[in-house]
Structure formats: C-alpha cells, structure tokens
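Let me begin by presenting the structure, written as structure tokens, before commenting on it.
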Amino acid sequence: GGDPPPKSYEEEIASCRSQAAATAAFCVAKRPDLETHLAWAIAAVATRAFRVNGVVQLLPLVEKMNHSPGGGRLVVTSAGELAFLAGAACAAGDEVFLNYFDGQEASTPERVLAHYGFEPGAVAEPAA
C-alpha cells in the first residue's frame with residue numbers, strides 16, 4: 001500500500017477541531033480554571049508553533065514573517081542555536097520572508113489552507 005489519499009479541506013478542519021476538543025477536554029478535566037483561555041492557547045500553538053529539533057516551540061519574531069517560496073529558512077547551528085538564513089540579499093529596512101515549506105512538501109492545497117490560511121500559488125512573489 002501507498003500513501004493514504006490526501007484529506008479534503010473539510011476533513012483537515014474536522015481533524016484539527018477534533019484534536020483541539022480532545023486536548024481541551026483533557027486539560028479542563030484536570031484544571032477547570034483553564035477553560036476560559038484554553039481554546040485561544042491551543043489555536044495560538046497550532047497556528048504559530050515551529051518544530052525545531054523535534055520540539056514544538058513558539059518563536060515570536062519568526063512567526064510574524066510572511067511566506068515566500070524564495071524566502072529564507074531556519075537552521076540549527078552546530079552550537080544548537082536557531083538561526084535564520086535569508087533567501088536573498090537584503091538591506092536594512094527590507095522585509096525578510098520565510099519559506100514555510102523549506103525541507104518539506106506543501107502536501108495539498110487543502111492542508112496548506114487549513115494550517116496556514118492561504119492557498120499555495122495564490123501568494124505573489126515579493127518584488128525584487
């Protein structure tokens with residue numbers, strides 16, 4: 001058997017909602033006081049976190065970067081530090097972009113829309 005067929009957008013959204021609901025139920029059962037802010041926290045991590053060396057992390061400056069296929073990428077140095085390598089030369093004041101899919105497949109347009117909020121190919125390349 002090969003890979004399972006890609007999920008539709010509706011299936012992606014349903015899967016995300018199901019995971020969030022299960023996480024919320026587990027956490028609120030242990031700490032009822034969390035219910036007020038837990039949905040926001042789950043959404044923040046789900047849409048803004050990066051996996052670096054197998055660890056999910058929030059990277060406040062990096063998460064503000066817009067996507068571009070020619071954008072830079074995140075690397076882990078030999079010292080174990082996270083670094084950003086720009087995809088092109090840039091001057092002071094220039095916006096720098098991040099290639100959200102560097103080292104991984106965008107998978108399907110539905111998955112990209114569900115997880116990143118845009119359609120691949122619908123994002124214009126920044127002017128040089």
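The values are calculated or read from the model by the stated rules, or taken from the named source; none is laboratory data. These figures come from a predicted structure and were not determined experimentally. Cβ atoms come from the backbone with ideal geometry, glycine included; neighbour counts cover every protein chain shown. These area figures cover heavy atoms from the full protein model, side chains too; ligands, DNA and RNA do not enter into them. Shrake-Rupley method; radii C 1.70, N 1.55, O 1.52, S 1.80 Å.
All told, residue 90 meets the bar of being in a loop (DSSP other than H, G, I, E, B) and either open to solvent by 90 Å² or more (accessible area, probe 1.4 Å) or over 19 Å from residue 112 (Cα atoms) (or both). Got at least one residue in region 21-39 being under 29 Å from residue 81 (Cβ atoms), open to solvent by less than 70 Å² (accessible area, probe 1.4 Å) and over 14 Å from the mean Cα position of the chain (by Cα)? No: region 21-39 contains no residue that is under 29 Å from residue 81 (Cβ atoms), open to solvent by less than 70 Å² (accessible area, probe 1.4 Å) and over 14 Å from the mean Cα position of the chain (by Cα). Taking the criterion of being out of contact with any Leu (no Cβ under 7 Å at 6 or more places or on another chain), surrounded by 11 or more Cβ atoms within 10 Å (Cβ to Cβ) and assigned to a helix (DSSP H, G or I), the residues of region 5-20 that qualify are 11, 12, 13, 14, 15, 16, 19, 20.
Being farther than 23 Å from residue 12 by Cα, exposed (fewer than 10 other Cβ atoms within 10 Å of the Cβ), at pLDDT 85 or above and aliphatic (A, V, I, L, M): is that true of residue 83 here? No; evaluated as a whole, the condition is false for this residue. The condition of being open to solvent by less than 70 Å² (accessible area, probe 1.4 Å) and not in a strand (DSSP E or B) holds for residue 44. The set of residues from region 49-62 being under 10 Å from the mean Cα position of the chain (by Cα) and either of a type in the set (Val, Ile, Thr) or surrounded by 14 or more Cβ atoms within 10 Å (Cβ to Cβ) (or both) comprises 49, 50.
Assessment of region 105-125 against the conditions (at pLDDT below 70, in contact with a Pro (Cβ under 9 Å, 6 or more places away or on another chain) and on the phi > 0 side of the Ramachandran plot) yields at least one matching residue. When residue 16 is tested against (1) out of contact with any Asp or Glu (no Cβ under 6 Å at 6 or more places or on another chain); (2) modelled with pLDDT of 80 or more, just one condition goes unmet, and that condition is (2).
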